[in-house]
1. I need the full set of residues from the range 65-124 which are among the acidic types (D, E) and closer than 19 Å to L209 by Cα, in order please.
2. In the list E141, E180, E166, which residue meets the criterion of being surrounded by fewer than 21 Cβ atoms within 10 Å (Cβ to Cβ), modelled with pLDDT under 95 and not aliphatic (A, V, I, L, M)?
3. Going by the structure shown, is F126 buried (at least 16 other Cβ atoms within 10 Å of the Cβ) and modelled with pLDDT under 95?
4. Looking only at the range 110-156, which residues are part of a strand (DSSP E or B) and among the charged types (D, E, K, R)?
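The values are calculated or read from the model by the stated rules, or taken from the named source; none is laboratory data. Because the structure is predicted, anything quoted here is derived from the model rather than measured. We place every Cβ from the backbone using ideal geometry, glycine too, and count neighbours over all the protein chains shown.
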Amino acid sequence: MLLLGWIAASRRTRLLSDETERLSRQQRQLRAEHSQLRDRSEQLRQLAVHDPLTGAMNRQAFSTELNRVLQHLARFRRPLNLVLFDMDHFKQINDTLGHAIGDEALKLVVGVAREHLDSEDLFGRFGGDEFLIACADQPIEATAALAEAIRRGVSAAAARHQPPLEGLGLSMGIAQANAERGYDPADLFQRADTALYAAKKGGRDRVLLADDALAPPPVLETATRFLG
């Protein structure tokens, strides 16, 4: 009887051990699948928020975040500077060197910009070769110096690139939202776009601040597209 009892107890212990191991394997598998789902969810979130080629925020995400920051700053009557810029002679680079080199040029510009931006700055790709930077709560002169540093950095990096990206520069327009001018994102974007247009008309590869005396672009559709 003692032997039979020992055998029965041993069998129960073995079955319990097997069941514990099965449950442990199941928990590990569930944790692994949960981790994969979490990683996939983050990948999808990144794709929804960021431009897949450059990693900059896409237009919709930038617009949403800019509106949020503007609303916050408006409560404290603090400024926000918006930089709108595009790449000079980008079409020429695509046409002469090919679209693969054009993609490298886009990534070069983004890389240089990121070297100069703070983590609090917003950085997005408006589309094509147009980009946006938003700098909160700083003098417009500081943002102009930042833009100039990025412009110079791109020119230097373009010359070092193999093959050299001849003619690549940045035309940049800057406008400020503040307590006096208001915090309307469409107006802010339109004024930055006007300054960018003037920079291109003035010879390209330069930084200009918004000024009411500047002539606007022929068609001001970009503000509407930006808000979309």
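1. Once the filter is applied, which keeps residues that are among the acidic types (D, E) and closer than 19 Å to L209 by Cα, the range 65-124 yields D86, D88, D121.
2. Going through E141, E180, E166 in turn, the sole match is E166.
3. Taking the combined requirement at face value, the residue satisfies it.
4. R125, E130
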